[in-house]
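The structure appears right after this line, and notes come after that.
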Amino acid sequence: MRTESEHTIYLKDYAPTPYRIVSADLDFRIREEATRVRAQLTIEPRPGTEPGTPLVLDGDELKLDSIAMDGAPMVLSAYTSDANGLTLVEPPPRRFVLETEVTLKPEANTRLMGLYRSGGTWCTQCEPEGFRRITYYLDRPDILAPFKVRMTAPRSLAPILLANGNLLEQGDAGEDMHYAVWEDPFPKPAYLFALVAGDLGSITDSFTTMSGREIALAIYCAHGKEDECHYAMDSLKRSMAWDERRFGREYDLDVFNIVAVSDFNFGAMENKGLNIFNDRLVFAKPETATDANYHGIERVIAHEYFHNWTGNRITCRDWFQLCLKEGLTVYRDQEFTSDERSRPVQRIHDVQNLRTNQFPEDGGPLAHPPRPDNYREINNFYTTTVYEKGAEVVRMLATLLGEAGFRKGMDLYFERHDGEATTIEAFLKVFEDANGVDLAQFGIWYTQAGTPQVDVTDSYDAASQTYTLTLAQKVDPTPGQAEKQPLLIPVRFGLIGPNGSPMGWTGVSGGEVRDDLILFDRASVTLTFTGIASRPVPSLFRGFSAPVKVTSNLGQEQLLFLARHDSDPFNRWDALQTASTALIADAARGKDWSGTDIDALRQALLDTLDDPGLDPAFKAQAIAIPAATVVARHIGHDVDPDAVAAARKRLMTAMVGPVAERLEAKYRALSSSEPYSPDAGQAGRRSLRNGLLGLLVAGSDRGAPLATAQYTGAANMTDRYAAMAIAAHYWTGDAQAILGDFRTIHAGDPLVFDKWLTASAQAPDDRVVERMRAILAAPDFPRTNPNRLRSLLGPFVMSNMVQFARKDGAGFRFITEAVAEIDRVNPQVASRILTGFRILPILEPARRDKGREALAALRDREGLSRNVADILDRLLA
Ligand code: PHE
Ligand code: ZN
């Protein structure tokens, strides 16, 4: 039925519209039953447009009530309208005002795109194509216009009326009604439009910018939640100050408002002057939020704020350029967190995330470049590749150009493109122009999919005191891209001498090396270093200088040497991860480890733990045993998830067994009676303590009772949640009782309920699917709320490999059946969950077949959304 080309949109077909929108005046009359939207759009043909060229406006599920041109009703023959839009057959060849009226039913809008209601509040989500569900418009990012918004609503239901920009006036509108008028002087694309009307509480503050302007700040939320908004406000002020310091960027409106809502498809949205947030990324108090929640709030508040310059002042020409704003803004928020907290710990955190989420995407059926060149459904391209790999590409640019050169390019970007909708090419050009370099080859990172594989071999010749290092790069084919080109890969590196100190060299030949940076730009390169007195151990890709997979001839001994001596903390961490991944992978494939390997790895972990110079947060990352999904990826084919889980558990038992008592003592020594603070220091000590708890539970009998005791005695949610999650993950004797207890004591708080759902979905026992089915089927399960659905199903498909990829296919079927149901309510949530099936190609054939069967059954269903159909077709291709 569906054909390959159905609705595919290609980058190469980009063309500006024949008409542009000069300004948009919107009038919303909000009532309980329905909302009327009157739009007055001033429109003109672009120079060169043939007179008589039709004007095609986007619309989605809209019904036209009235239409007028320059104040006069239009005759029926002058336009056509259907579910997908409105066409003016022959608009005048001059500037004109088009006035349309539509009626919306926000109450019935469960897709949460356009105008909808969340907990009684009217709110909007327009990125990427939601504005067309509000009014007929040229709903694409290269149409920039100033907006003026008038809203009228019942005072009792919506005492708060907010929209983009600055408040012009507000007042009484008769009976119970009142109104407000907001004006946003900065021309913007429709995807940045927002409006909120509701009965909300708030906290307020102010920020004085570097030029001395005072900005009024407010965070709006459900009444009673005000106390939980302070960390978000603090994060906002720190973000505003940081963007001034680091990038010279000042805020531009008089007010900055944030609204927290409970029903939201993503994390948050950068609407101009009116950010709308999923409330899980605003609310925090020690009894209900974990350290990870605080960390996430800080990051996303910063991310959305930073979009004001990278996204809003300079936006995207078309949705293929999405990573222009997202990759760059993720890079900026990562930098912010690095400056506010610990740079190495943040780097490890971000790389762990990249390897767990982005590498699997890039190595499977859903692989695409950071800048794709075609799509069927743009909502399916808000991916970890666009965001996180996009950020890695920006980071490599900063590595290649140096901090000063990168800043020069950014300054030129803001100067040259402010007020524009632009492209990746224009972005690269500013760095070329500011630094006098050619970035043509570097640009391939944006257009080529797949994680490069770098193979490293080395040799040493004592007689000539030369050391040679050979690097070879390749990228496996990805869907639609069989041939791959060599990339410019920045390799930050050092050579380490036998005593653990850095080694210099007198000369290097065979490739381009600038200080500690190799510019690796060919399929393979052999570098020869001279003046090397003894065989060094190479430390490559320091700080993870490029998003690649590395295989090298380093053995465990050399890895553990790096873990002890590398001056680069990232590589110390990475060496331990590589060593333990290899051991687990070997055991999962039936090749058992030797006792000496285990002893050496254990000793390296203990030495790390005992090193007084290391940050506890770093130690926590260093002792973490790689997740089963990471090991599975390392194995790469014919994976048996049960074997991986068993091997991982066996490694932990072998590691922990002989030293359980010592680890327990360390665990106990880290307990603290300080009052809770979310700061990085305290959070780091908690994460180390909880990391030790994880090791003890997985690797010895001492752990399970400790977890139960920690759960019962916890003074904050971080410790309570960690104990529950660990108990569930390793399915201790008390796990079920702990889950049962948590459910009853925290029944009233939806965000805490989410934590219970997530922990429940981690259970590895054979009845987890049955229990999850029951949770979903419960009559009071909020099945239209994205947070609830994702908290339960997301972790199951993404990390509970043993049960999701069960031999009997019950895990797969559970998910496809759930997806079919969710699709009818919210296609975006449904398609996102379905992406978990990208794991199929690396599984052993029997499981892969079960997975494909479940997908095929889903594809046979009638009426699937384009979101789900697109993912399904790519998974089954
Ligand atoms: N642009 C938002 C962000 O980066 C993400 C988003 C996309 C939110 C689509 C809602 C809808 O942060
Ligand atoms: Zn973003």
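Worth a mention:
- Overall form of region 626-776 per C-alpha gyration tensor (a/c, 1.5; a/b vs b/c): oblate
- Computed over the chain, the per-residue total of -39500 (n - 2.57) for DSSP H runs of n ≥ 4 gives a 222 nm mean residue ellipticity of -12500 deg cm²/dmol, rounded to 500.
- Other residues with beta-carbon under 9 Å from the beta-carbon of residue 308 carry, at +1 per Lys or Arg and -1 per Asp or Glu, a net charge of -1.
- FRET efficiency for the pair residue 808 and residue 558, taken as 1/(1 + (r/R0)^6) with r the Cβ-Cβ distance and R0 = 51 Å, rounds to 0.75.
- The distance separating the Cα centre of region 767-821 from that of region 464-503 comes to 41 Å.
- In Å, descending, principal axis extents of the Cα set of region 1-104: 42, 39, 26
- Percent of beta bridges antiparallel (DSSP, the chain, rounded to nearest 5): 80 percent
- Contour excess over end-to-end distance, with Cα ends at residue 461 and residue 343 and 0.36 nm allotted per residue: 38.8 nm
- Local net charge near residue 234, Cβ-Cβ under 12 Å (Lys/Arg +1, Asp/Glu -1): -2
- Using the Cβ-Cβ distance between residue 673 and residue 46 with R0 set to 56 Å, the FRET efficiency from 1/(1 + (r/R0)^6) comes to roughly 0.25.
- Pairs from the list 188/325; 285/755; 325/389; 408/429; 188/272; 12/272 with a Cα-Cα gap above 18 Å: 12/272.
- Per-residue Karplus couplings for region 815-831, computed as 6.51 cos²θ - 1.76 cosθ + 1.60 with θ equal to phi - 60°, are listed in order as 6, 5, 5, 5, 4, 4, 6, 5, 4, 6, 9, 8, x, 5, 5, 4, 5 Hz, Gly and Pro entered as x.
- Taking the three principal axes of the alpha carbon atoms in region 478-583, the coordinate ranges are 49, 36, 20 Å, sorted in descending order.
- Inter-centroid distance (Cα atoms) of region 654-671 relative to region 226-296, Å: 38 Å
- Computed on the Cα atoms alone, the convex hull of region 141-227 gives a volume of 121 cubic angstrom per residue.
- Extended-chain gain in nm, criterion 0.36 nm per residue less alpha-carbon gap, residue 103 and residue 72: 9.1 nm
- In degrees, nearest ten, helix 703-713 long axis to first principal axis of the chain (Cα): 40 degrees
- Prolate/oblate/rounded call for region 460-524, Cα gyration tensor, a/c under 1.5 rounded: prolate
- Computed 3J(HN,Hα) for region 118-124, one whole-Hz value per residue from the Karplus formula 6.51 cos²θ - 1.76 cosθ + 1.60 where θ = phi - 60°, is 10, x, x, 7, 7, 8, 10, glycine and proline marked x.
- Karplus-derived HN-Hα couplings along region 489-500 (A = 6.51, B = -1.76, C = 1.60, θ = phi - 60°), whole Hz, x at Gly and Pro: 10, x, 10, 7, 8, x, 10, 10, x, x, 8, x
- On Cα atoms only, tilt of 750-761 relative to the major axis of the chain in degrees: 40 degrees
- Spread over its residues, the convex hull of the C-alpha atoms of the chain is 170 Å³ per residue.
- Structural descriptor for region 4-125: relative contact order 25 percent, calculated from alpha carbon pairs under 8 angstrom and at least 6 residues apart.
- Nearest 10 degrees, 0 to 90: helix 424-435 Cα axis against the chain principal axis: 60 degrees
- Efficiency of FRET between residue 64 and residue 230 - r from beta-carbon atoms, R0 41 angstrom, step 0.05: 0.35
- All-pairs alpha carbon distance profile, region 313-411, 5 Å steps from 0, percent: 3, 13, 20, 24, 19, 13, 7, 2, 0
- Cα-based Kirkwood hydrodynamic radius, region 756-877, one decimal, Å: 14.2 Å
- Taking a ≥ b ≥ c as the square roots of the eigenvalues of the alpha carbon gyration tensor, region 242-298 is oblate, as a/c is not under 1.5 and a/b does not beat b/c.
- Rounded to whole Å, sorted largest first: equivalent-ellipsoid semi-axes of region 783-822, Cα gyration tensor: 19, 12, 5
- Summary value for the chain: 8 percent relative contact order, contacts being C-alpha pairs under 8 angstrom separated by 6+ residues.
- Summing charges over all other residues whose Cβ lies under 12 Å from the Cβ of residue 666, with Lys and Arg as +1 and Asp and Glu as -1, gives +2.
- Alpha carbon centroid spacing (whole Å) that separates region 136-211 from region 367-428: 30 Å
- Relative intensity, log₁₀ I(q)/I(0), of region 647-729 from a Debye sum that treats every alpha carbon as a point, q = 0.10 Å⁻¹: -0.22
- Placing a label point 7 Å from the Cα of residue 521 along the Cα-to-Cβ direction, the residues of region 440-483 whose backbone N falls under 13 Å of that point are 440-444.
- Relative contact order of region 505-643, taken over Cα pairs closer than 8 Å and 6 or more residues apart, is 18 percent.
Values in this text are rule-based calculations from the coordinates and carry no lab data. Keep in mind that this is a model prediction, so the values were computed, not measured. Glycine gets a Cβ as well: all are built from the backbone with ideal geometry, and neighbour counts include every protein chain shown.
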